[in-house]
Amino acid sequence: NAGVTQTPKFQVLKTGQSMTLQCAQDMNHEYMSWYRQDPGMGLRLIHYSVGAGITDQGEVPNGYNVSRSTTEDFPLRLLSAAPSQTSVYFCASSPDRATNEKLFFGSGTQLSVL
Amino acid sequence: AQRVTQPEKLLSVFKGAPVELKCNYSYSGSPELFWYVQYSRQRLQLLLRHISRESIKGFTADLNKGETSFHLKKPFAQEEDSAMYYCALGGFRGNMLTFGGGTRLMVKP
């Protein structure tokens with residue numbers, strides 16, 4: 001049981017480049033989400049999904065796209081990377097509504113945009 | 001809009017001293033409060049939640065709706081408690097969480 005798996009662990013991009021951060025979970029969780037972690041600002045929700053085919057915006061969605069074609073995968077796409085998107089990105093999942101407050105986090109992706 | 005405030009970015013105490021990490025929230029609905037912890041080189045993980053009224057690793061937290069606070073307490077800090085602690089608020093749209101800015105706890109020997 002791998003839990004929540006994120007790839008890559010580290011990435012350096014140039015301004016304007018695009019890339020996709022991968023997130024997969026093998027716990028059959030309905031809820032998945034992406035957060036970014038910045039010093040002094042805690043974790044801020046980017047996008048989330050309550051099930052396959054359903055996504056919604058979080059607190060800081062601009063510059064990011066997501067899709068949820070399967071229960072297992074929830075990729076985060078940066079369309080045109082900007083230095084302001086330098087951050088640590090965490091994917092998280094949670095089970096059904098009764099216990100969805102307990103988030104299971106991935107190990108994070110450290111992204112630098114030059 | 002919901003908001004979580006952790007006023008201390010860094011809290012440094014000696015081993016054996018009491019610890020209190022402060023958390024205040026603003027939310028017009030019925031709040032669900034949590035504490036998450038991130039130890040060095042480890043994933044963020046749930047420490048405790050107010051609905052469980054539990055004590056985990058000696059830590060407790062009481063939800064005070066009058067003061068809109070959910071402070072995390074431990075009577076005797078241990079070196080292994082050194083970590084980043086995040087207070088989080090749930091109970092609304094998408095059942096996702098709003099996190100505070102985090103407090104780094106350093107327990108000195």
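Descriptive notes on the structure:
- Residue count for the stretch A:51-65, restricted to those that are within 14 Å of chain B (Cβ to nearest Cβ), under 23 Å from A:L114 (Cα atoms) and part of a strand (DSSP E or B): 0.
Residue-by-condition table, conditions (1) in contact with a Ser or Thr (Cβ under 9 Å, 6 or more places away or on another chain); (2) without any contact (Cβ under 8 Å) to a residue 24 or more places away in the chain; (3) not in a strand (DSSP E or B):
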| position | (1), (2), (3) |
| --- | --- |
| A:T20 | no, no, no |
| A:C23 | yes, no, no |
| A:N28 | yes, no, yes |
| A:S49 | yes, no, no |
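- Of all residues in the stretch A:36-59, those satisfying the criterion of being under 13 Å from A:Q85 (Cβ atoms) and either under 11 Å from the mean Cα position of the chain (by Cα) or buried (at least 18 other Cβ atoms within 10 Å of the Cβ) (or both) are A:R36, A:Q37, A:R44, A:I46.
- When residues of the stretch B:7-31 are limited to those that are closer than 18 Å to B:K65 by Cβ and not hydroxyl-bearing (S, T, Y), the one modelled with the lowest pLDDT: B:G29
- Search result, residues across the stretch A:68-80 that are surrounded by fewer than 16 Cβ atoms within 10 Å (Cβ to Cβ) and in a loop (DSSP other than H, G, I, E, B): A:S69, A:T70, A:L79, A:S80
- Close pairs from the stretch B:98-109: first modelled with pLDDT of 95 or more, partner in a loop (DSSP other than H, G, I, E, B) and of a type in the set (D, E), Cβ under 8 Å, at least 6 apart: B:T103/B:E8
- Count of the stretch A:97-114 residues which are in a loop (DSSP other than H, G, I, E, B), at pLDDT 85 or above and within 10 Å of another protein chain (Cβ to nearest Cβ): 3
- Members of the stretch B:1-37 that are part of a strand (DSSP E or B) and surrounded by fewer than 16 Cβ atoms within 10 Å (Cβ to Cβ): B:R3, B:T5, B:L10, B:S12, B:F14, B:E20, B:S26
- With respect to being on the phi < 0 side of the Ramachandran plot and facing chain B (nearest Cβ under 10 Å), A:P8 falls outside the description.
- For the criterion of being out of contact with any Lys or Arg (no Cβ under 6 Å at 6 or more places or on another chain), surrounded by 14 or more Cβ atoms within 10 Å (Cβ to Cβ), within 14 Å of chain B (Cβ to nearest Cβ) and small (G, A, S), A:S93 passes.
The values are calculated or read from the model by the stated rules, or taken from the named source; none is laboratory data. Fair warning: this is a prediction, and the values are worked out from it, not measured in the lab. In this analysis, Cβ positions are derived from the backbone assuming ideal geometry, glycine residues included, and neighbour counts consider all displayed protein chains.
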